[in-house]
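Only one structure is covered here, and it is reproduced in the block below.
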């Protein structure tokens with residue numbers, strides 16, 4: 001029997017019980033849709049998280065004291081100088097101190113963070129200055145009362161009007177706005193720039209709070225391959241300065257990125273397992289329906305054998321029927337699952353590409369399900385005795 005004739009025969013068999021065929025496909029449709037939709041969204045979410053984390057700083061190393069405060073073990077200017085001088089894997093080093101305050105904006109009070117830092121900070125943290133300039137080392141040395149604002153807080157303070165050259169009153173001092181920087185997205189990781197940051201020279205903040213405390217040291221590794229080495233160097237310098245028993249958090253973005261990759265892989269794996277179970281249930285449904293079909297069509301099988309159909313032809317016909325059901329269910333599920341990324345792209349103006357890997361996986365599993373669960377009923381049909389099949393009622 002030629003393949004075209006076999007396909008025509010199978011199509012007729014499927015159309016005779018169209019409702020049952022569609023219901024049999026349902027489990028495969030749901031499983032395939034889940035694989036494509038969740039994998040696509042999960043991979044997009046991971047890429048978004050990676051991009052957002054990378055905006056925190058290229059090859060970023062960070063260190064801070066993680067003990068009770070106040071304490072003689074808190075980071076100070078000498079720690080910063082030692083790291084800058086002795087951490088050879090770092091190309092540039094910055095430091096900062098923070099102070100929480102409130103800003104009065106048209107009669108409403110907003111929580112804000114005073115960030116005292118230096119001229120290197122913008123380069124280490126990949127801050128993009130949209131207007132004006134950033135804090136300079138000259139501002140730090142001369143204790144100039146200048147500030148740099150994020151675009152969001154500048155809009156709250158001044159609306160769409162002139163921003164550079166305006167003044168912002170903090171506590172009892174007026175700071176002149178010299179620059180506006182692009183808001184920093186930190187992927188829900190709290191940083192000094194998360195809450196209405198007002199960046200000022202570190203020397204001015206030190207004078208305001210009468211303290212030489214440094215909250216955080218940032219460094220930028222010379223190369224991605226040196227990130228781990230730079231992290232170890234910073235940790236060793238702080239341990240040498242304060243003792244190995246003092247707790248300091250020294251890390252880099254690579255550690256956070258690894259966590260994100262592990263979590264995303266685990267979530268995708270869990271979803272894949274759940275989807276595979278759904279496909280498995282769909283496969284069991286196919287086997288049950290095919291067994292019922294074999295029983296219902298036993299006399300027909302007997303007639304075909306009496307007319308000269310070989311067991312292999314009977315097996316091929318029933319096996320092809322099972323594969324077509326499973327593949328059709330997989331294709332419909334893929335189309336439904338692909339609609340989710342398209343819908344999210346249209347509704348939320350974000351790019352959610354369809355994962356080609358998940359599409360291939362869903363198709364492969366659907367075909368495998370049809371072959372695996374369809375083989376036993378097909379073999380049972382092929383082994384029927386022609387005489388007994390003709391007598392079956």
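The values are calculated or read from the model by the stated rules, or taken from the named source; none is laboratory data. These numbers were taken from a predicted model, which means no experiment stands behind them. Because the Cβ atoms are built from the backbone with ideal geometry, glycine has one as well, and the counts that use them run over all protein chains shown.
Considering (1) farther than 15 Å from residue 38 by Cα; (2) outside any helix (DSSP H, G or I); (3) in contact (Cβ under 8 Å) with a residue 12 or more places away in the chain, say which one residue 352 fails and leave the rest.
The number of the failed condition is (1).
Do you know which residues across region 322-363 are out of contact with any helix residue (DSSP H, G or I) (no Cβ under 9 Å at 6 or more places or on another chain) and closer than 21 Å to residue 269 by Cα?
356, 360
Assuming residue 109 fulfils every condition listed in (1) in contact (Cβ under 8 Å) with a residue 40 or more places away in the chain; (2) farther than 30 Å from residue 252 by Cβ apart from one, which condition is it?
Of the numbered conditions (1) in contact (Cβ under 8 Å) with a residue 40 or more places away in the chain; (2) farther than 30 Å from residue 252 by Cβ, the odd one out for residue 109 is (1).
Please pick out the residue among 216, 222, 229 that is farther than 25 Å from residue 74 by Cβ, assigned by TED's automatic domain parsing to the domain that holds residue 100 and touching a strand residue (DSSP E or B) at 6+ places or on another chain (Cβ under 6 Å).
Answer to the selection: 222.
What number of residues within region 252-293 are modelled with pLDDT of 80 or more, in a helix (DSSP H, G or I) and within 18 Å of residue 231 (Cα to Cα)?
0
Is there a residue in region 71-81 that is under 30 Å from the mean Cα position of the chain (by Cα) and over 22 Å from residue 225 (Cα atoms)?
no
Being in contact with a strand residue (DSSP E or B) (Cβ under 7 Å, 6 or more places away or on another chain) and in a strand (DSSP E or B) is the filter; apply it to region 153-175 and report the residue that is surrounded by the fewest Cβ atoms within 10 Å (Cβ to Cβ).
Among those that are in contact with a strand residue (DSSP E or B) (Cβ under 7 Å, 6 or more places away or on another chain) and in a strand (DSSP E or B), it is 174.
So which residues in region 216-251 are surrounded by 15 or more Cβ atoms within 10 Å (Cβ to Cβ) and not in a helix (DSSP H, G or I)?
Result: 216, 217, 218, 219, 220, 221, 222, 246, 248, 250, 251.
For region 371-383, check the following and say yes or no: at least one residue is within 23 Å of residue 44 (Cβ to Cβ), in a helix (DSSP H, G or I), touching a helix residue (DSSP H, G or I) at 6+ places or on another chain (Cβ under 9 Å) and assigned by TED's automatic domain parsing to the domain that holds residue 36.
no
Could you count how many residues in region 361-376 are closer than 18 Å to residue 21 by Cβ, buried (at least 23 other Cβ atoms within 10 Å of the Cβ) and under 34 Å from the mean Cα position of the chain (by Cα)?
The total comes to 3.
Take region 102-119 and flag every residue that is farther than 16 Å from residue 75 by Cβ, touching a strand residue (DSSP E or B) at 6+ places or on another chain (Cβ under 6 Å) and buried (at least 16 other Cβ atoms within 10 Å of the Cβ).
The answer is 103, 112, 113, 114.
Give me the residue from region 120-152 that is part of a helix (DSSP H, G or I) and touching a strand residue (DSSP E or B) at 6+ places or on another chain (Cβ under 7 Å) and, out of that set, surrounded by the fewest Cβ atoms within 10 Å (Cβ to Cβ).
Among those that are part of a helix (DSSP H, G or I) and touching a strand residue (DSSP E or B) at 6+ places or on another chain (Cβ under 7 Å), it is 151.
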